[in-house]
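The values are calculated or read from the model by the stated rules, or taken from the named source; none is laboratory data. Please read all numbers here as calculations on a predicted model, not as lab measurements. So basically every Cβ, Gly included, is an ideal-geometry build from the backbone, and we count neighbours across all protein chains shown.
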Amino acid sequence: MILVTGAAGYMGSALVHALSRKKKPVRAVDNFTTGTLRKVNDSPVWEKDFTSLTDVKEMVQGVTTIVHLGAISDITQCQNHPKEALLTNVLSVKYLIDEGVNAGVQKIIFPSSFAVYDPDSTTITEETTIQPQNYYGQMKWWAEELLKAEQRKGTLDTIIFRQSNICGKGLVSKRTVLEAFCRSLLENREIRIHGSGKQVRNFIHLEDAIEAYLQAIDTPVTGVWNLAGEETYSIRQLAQLVNQVGEERLGRTVRVITDPNAQTGHEREPQDITCDLHRLKELLNHRPMWTVKETIHQLLNQKQTR
């Protein structure tokens, strides 16, 4: 049995959908603080609180693999509600480790983030300097340390995916910068950039990310893996690319407005960043990955298939 937390969310619902299509036994749970899906395909989503020890003890029974996708991922919400964020993003990991080991769980797969890395690094590998710049990144690092400590004991296999920016069409929407820009174009509204527009971000499509999780579930891999895409864009370049695709698909573009005073926190502003993906490509069996341009086409046309 595979336990998926955060199953009503963007990634969780996509993973449960993929597992159910493969006829894998899955137990889907969510606390429904943000997600609303009560069923994914034929899999009901249980309402459970993974910060409750009682609920965790119940949800891990009969489970061999845990994919812990439930989290507070909004950086501002983490800053404004630090206690809630700590319970959700760190204590829940401790509960799932302890109760999972007691119940015979063999593997935990956990989504960490590029937010743990030094934001001034221009080449990202799994050995890049750890230097979180915000509370969210710090909590991801604490959770990683809990998992790696358990791995060293030999009681549990752990897989940590340090994720860049996941994008693309899912069963539920996600408030990503790429989706926001595409929505502005579809609604014929200006694209508004917060900050200088020089901030750079790496993007990986949801389908590629889910395939990595499926491989991690099915194969005997452990350790830390960067889960990123092949392309990195500045926010300004991303807005230009959305307009380029808009011209191709819809025959129109929209105005791009930059608000330098709206930026919050430290964001990457090197000329470019390079992600070493050789381990990820092996995990994905060297399958072609989605491009950002293909993703924009998909977001502008929900019916489009690859």
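Couple of notes before you dig in:
- Residue count for region 1-33 satisfying the condition of being in a loop (DSSP other than H, G, I, E, B) and surrounded by fewer than 24 Cβ atoms within 10 Å (Cβ to Cβ): 8.
- Single residue of region 218-264 satisfying the filter (in a loop (DSSP other than H, G, I, E, B) and basic (Lys, Arg)) that is modelled with the highest pLDDT: Arg255
- Enumeration of residues in region 147-177 that are small (Gly, Ala, Ser) and within 24 Å of Leu15 (Cα to Cα): Ser164, Gly168, Gly170, Ser173
- Within region 56-68, residues that are on the phi > 0 side of the Ramachandran plot reach partners that are surrounded by fewer than 24 Cβ atoms within 10 Å (Cβ to Cβ) and assigned to a strand (DSSP E or B) with beta carbons closer than 9 Å, at six or more positions or on different chains, in the pairs Gly62/Arg27.
- Of the criteria (1) within 24 Å of Gly12 (Cβ to Cβ); (2) without any contact (Cβ under 8 Å) to a residue 40 or more places away in the chain; (3) touching a helix residue (DSSP H, G or I) at 6+ places or on another chain (Cβ under 9 Å), which one Ala180 fails: (3)
- Pair list, Cβ under 6 Å, 6 or more apart: region 23-49 residue closer than 13 Å to Val172 by Cβ, other residue assigned to a strand (DSSP E or B) and acidic (Asp, Glu): Phe32/Glu47; Val45/Asp30
- For region 195-217, taking the residues that are in a helix (DSSP H, G or I) and of a type in the set (Gly, Ala, Ser), the one that is surrounded by the most Cβ atoms within 10 Å (Cβ to Cβ) is identified as Ala209.
- Among (1) under 25 Å from Val105 (Cβ atoms); (2) surrounded by 20 or more Cβ atoms within 10 Å (Cβ to Cβ); (3) out of contact with any helix residue (DSSP H, G or I) (no Cβ under 8 Å at 6 or more places or on another chain) - the single one Gln163 does not satisfy: (3)
- Region 158-188, residues that are of a type outside the set (S, T, N, Q), assigned to a loop (DSSP other than H, G, I, E, B) and either closer than 19 Å to Phe114 by Cβ or modelled with pLDDT of 95 or more (or both): Gly168, Lys174, Arg175
- Qualifying residue in region 197-208 (condition: over 18 Å from Pro111 (Cβ atoms) and free of Cβ contacts under 8 Å to residues at least 40 places away in the same chain): no
- A single member of Arg268, Arg306 is surrounded by 15 or more Cβ atoms within 10 Å (Cβ to Cβ), in contact with a helix residue (DSSP H, G or I) (Cβ under 9 Å, 6 or more places away or on another chain) and at pLDDT below 90, and it is Arg268.
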